[in-house]
1. State the percentage of accessible surface on region 341-383 attributable to carbon and sulfur atoms; use a 1.4 Å probe and exclude ligands, DNA and RNA.
2. Grab the Cα-Cα distance for Gln497 and Val480, subtract it from 0.36 nm times how many residues apart they are, and report the gain in nm with one decimal.
3. Do the alpha carbons of any pairs in Lys366/Lys538; Lys136/Lys169; Lys136/Lys229; Lys85/Lys136 sit beyond 19 Å of each other, and which pairs?
4. In nm, what is the difference between 0.36 nm times the number of residues separating Lys330 and Glu294 and their Cα-Cα distance?
5. Within region 277-297, list the residues whose amide N lies under 20 Å from a label point set 7 Å along Cα→Cβ of Thr315.
6. For Met450, Met338, write out the residues from largest to smallest accessible area, computed with a 1.4 angstrom probe and no ligands counted.
7. Hey, if we sort Arg201, Arg122, Arg98 by accessible area with the 1.4 Å probe, largest down, what's the order?
8. How much FRET efficiency would the formula 1/(1 + (r/R0)^6) give for Lys487 and Lys508, where r is the Cβ-Cβ distance and R0 is 22 Å, rounded to 0.05?
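The values are calculated or read from the model by the stated rules, or taken from the named source; none is laboratory data. It should be emphasised that the depicted structure is a prediction, and the values quoted were computed from it without experimental measurement. Neighbour counts are summed over all protein chains in view; Cβ atoms, including those assigned to glycine, are modelled from backbone coordinates with ideal geometry. We work out accessible area using only protein heavy atoms, side chains counted, and drop any ligands, DNA or RNA first. Shrake-Rupley method; radii C 1.70, N 1.55, O 1.52, S 1.80 Å.
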Amino acid sequence: MEKQRKQNKQEGDDRISVLPEPIIHEILSHLHDTKAAARTSVLSKTWQRAWASFPCVVFNEWDFDARSSESPDNSPEENRRIRIKKNAFMTYIDKTLRSRDSSVEEFALQLTHHDKVLLLPRVVEWLTIATERKVKALGLFLSIIHFSDGNESGKPIYYSLPQVVLEAKTITELRLKFCKLEPCNEFKFCHLKTLVLNNVRLDEQVIQNLTLRCPLIEDFRLICCHGLKHLKVSNLPRLNLLHVLARRKVSRIEIKAPSLQTFYYWSKDSYRLQSVNVHCDIYLEACKNLKRLELVGLSNRTIELLQTLSSKFPTLEVLEISTCKMASIKICSQTLKMLKLEKCTDLEVVEVDTPNLVSLQYRLNKCLFHSFNAPSLQGVELELDLGSCITLWFDKLKELVGKFNSTEGLNLVIHSESKVILLDGLNERVLSSGIDLKDLRPAIVIISSMSSSDLVERMLLDYSVETLSILSNSSKLLEVLNEKLLKKLFKSEGLHQHESFFDVKVEKIDGEEDPKYSKWIALLKSYKAVDYQTTNFKIDWKND
């Protein structure tokens, strides 16, 4: 009886060891890497068994400090140390995979700068073990060097998938990087739903073979793949999301997918080749159920895609356009609910006719709306980065704001050098007060429906603010913001991480004798004349 009581007491003290295996698996799934998960096996025999049956194994050389590569510039001792770490990492993979006594649902492998001769046979062996254990999610990120050929350029040798992978019918998710797919490959991924190809070598025939052999694909992502000029996707009746980050050589994209709801296109060269007109013809007319369209790096020749949105995409709800080289754009849609325009530096004319638009994000260098119809608008964020422009187009801005359904929930931010004014609540009286902002030469003007509290955090995160002036007709709001700033009660994780880098104190700005502040103070006083109270904060950023 005494022995039983002691045993019960021990079990009571060690509650972690009596957790059910599914619970332990759930805990292991939240650990940041396989190495950390493996360490839990020392806790007890229960955890050791749970680790042996854990179905997800992800091997990333970063977690094992095994990423460095041998080089003639290194000392012999350094190269020996690197070789030992890489061999230890591969041995660890061997042991971990062989210790699996049940199915492997997820297997991912990230290896760079390994000797082809030493690595490839082991990769085939690992993949064989994974496929024999009915792997469902497979990720391969391989960058291999053939040292015996004297290849020291750092360019990867693209890895051809072995037959054991091509015939793995259990795979439902496949993610490949620095691999090679060839027209002769016979794909048998009959249950594949997610396909991500990143820096993969392939051609049009490979895409055709994949779409014919893998009809259940729902999520398809092509990222900087080599060898494609024309991308044609069809025969995928369940395709829901298509993400294309295209190289410059891709000149035509044609999608026929009746179930497609999200299409994302980004020209990889749109930022780098500012003087080159990156052009790609995009045909999505067969995608009648499209709800979200995101375009980065379109040219004038591709603007046809945005014409007659209502007839082309009768269910479209979200449209995001960024870094596009076009002089004018007209957006007309009865179904559109969210519109985002940013970084289109060549734009001169914007026309919007969207009666059901709810949210607008607009980040450009001036106010370009020649016509604007959005009576249902609720969320607004206009950010005008004026740079060295002298004219503020404030009259045009007031005209636009006057078209919003309600200005009561809008806030105004004026950013001039290191000084910021946050005006809580625009109203008709303020808009018509004739305040001239040109004298301040503001660099950035923001009109936003974001809360004043969130705008304060954004200013501190995004800009080096030295003087923050908050104007409001609500004394309660000023009290709340005062406490938040002085006590650093921020929601943003970024500010929590950097709160020791700055100090905040209330400051009375009355430097009328300082010409540097005279126009600033005059502007603050003009707002006081329309019943706004002011609180000024000094932000001291620490250089150390």
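1. Its accessible area is 42 percent carbon and sulfur atoms.
2. 3.9 nm
3. Table pairs above 19 Å Cα-Cα are Lys366/Lys538; Lys136/Lys229; Lys85/Lys136.
4. Stretched out fully, the Lys330 to Glu294 stretch lengthens by 11.4 nm.
5. Taking a point 7 Å out along Cα→Cβ of Thr315, the residues of region 277-297 whose backbone N falls under 20 Å are 283-295.
6. Largest to smallest exposure gives the sequence Met450, Met338.
7. Arg98, Arg201, Arg122
8. 0.65
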